[in-house]
Amino acid sequence: LLSPPDDEVIDVNWRDITSQVVAKQTLRDREHFYRAITERSTDILAIIDEKATITYMSPSFEVVLGHKISDLIGTQGTQVIHPEDVKTAEAFLLRLVGAEQEQEIEELRILDTTGGYRIMDVRARNLLNDPVIRGIVIDARDVLANPRRTLGHAKGESTSDLAVRALRRAVGLRPDWA
């Protein structure tokens, strides 16, 4: 063995960092997993704050509806909601913020860039008290893009019932109006 000269000391410290390396890799894998899901989903995901201002919108918003995400971040998004559905959307969000419900479901007509409206199944969950999310998480999906729904299987509707409901929405009537 070599011995250092009397006036020099070699101090060696080491510690096992395997668990930290594994934890970082697990975090990277988890982040990649959730990013891949949100970026490739056909469902639109959004987060709004307590004032209904959009703080996050998934890339599928541009794919499904054609609008630029940057045009809606920081707004309340009412510019893409059918004018007759704005009050419904506001009441929907008030029920969530008012803690009447933790989760709400509603159908809203949303404008796409072709000038047409898509009937969207909108589901929202109040996560305002979640320290990471701090918002209402919204998941929206085009009702008529679901082939089972277009065949009337979702609510036990016949094809003609579904067609009548879709036509009523298209001409601006609520589906429950006779």
Distance-filtered residues of segment 52-82 - backbone nitrogen under 14 Å, label point 7 angstrom along Leu127 Cα→Cβ
55-58
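Let me spell out the model: positive unit charges on the Cβ of Lys and Arg, negative unit charges on the Cβ of Asp and Glu, origin at the Cα centre of segment 1-130. What dipole size does that give, in debye rounded to 20?
Numbers: 14 positive and 24 negative charges, 109 e Å.
Charge dipole of segment 1-130: 520 debye, to the nearest 20.
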Accessible surface, segment 37-119, averaged per residue in Å² (probe 1.4 Å):
55
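Shape call for segment 61-149 from the C-alpha gyration tensor, a ≥ b ≥ c root eigenvalues: rounded (a/c under 1.5), prolate (a/b greater than b/c) or oblate? Show your work: numbers first, answer last.
Working: a/c = 1.68, a/b = 1.44, b/c = 1.17.
Taking the square roots of the gyration eigenvalues as a ≥ b ≥ c, segment 61-149 is prolate.
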Using Cα pairs under 8 angstrom and six or more residues apart, how large is the relative contact order of segment 1-122, in percent?
15
If I take R0 = 30 Å and measure r between the Cβ atoms of Val86 and Glu62 in this structure, what FRET efficiency does the formula 1/(1 + (r/R0)^6) give, to the nearest 0.05?
0.85
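Sort Glu102, Glu39 by heavy-atom solvent-accessible area, probe 1.4 angstrom, most to least.
On the way: Glu102 115, Glu39 90 Å².
Sorted descending by solvent-accessible area, the residues read Glu102, Glu39.
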How much solvent-accessible surface does Ile69 expose, in Å² to the nearest 10, with a 1.4 Å probe and all protein chains in place?
30
Net charge over other residues, Cβ less than 14 angstrom from the Cβ of Gly66 (K, R count +1; D, E count -1)
-2
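Hey, any idea what % of segment 1-109's accessible area is carbon plus sulfur with a 1.4 Å probe?
Values: 4430 of 8030 Å².
Heavy-atom surface of segment 1-109 belonging to carbon and sulfur, 1.4 Å probe: 55 percent.
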Simple spin-label estimate for Arg28/Trp14, 7 Å along Cα→Cβ, in nm, reads 2.3
Simple spin-label model, 7 Å along Cα-to-Cβ: Thr55 to Ala36 in nm?
2.8
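The values are calculated or read from the model by the stated rules, or taken from the named source; none is laboratory data. Please read all numbers here as calculations on a predicted model, not as lab measurements. Ideal geometry is used to build each Cβ from the backbone, glycine not excepted, and the neighbour counts take in all protein chains shown. Note: areas computed on protein heavy atoms with side chains; ligands, DNA, RNA excluded. Shrake-Rupley method; radii C 1.70, N 1.55, O 1.52, S 1.80 Å.
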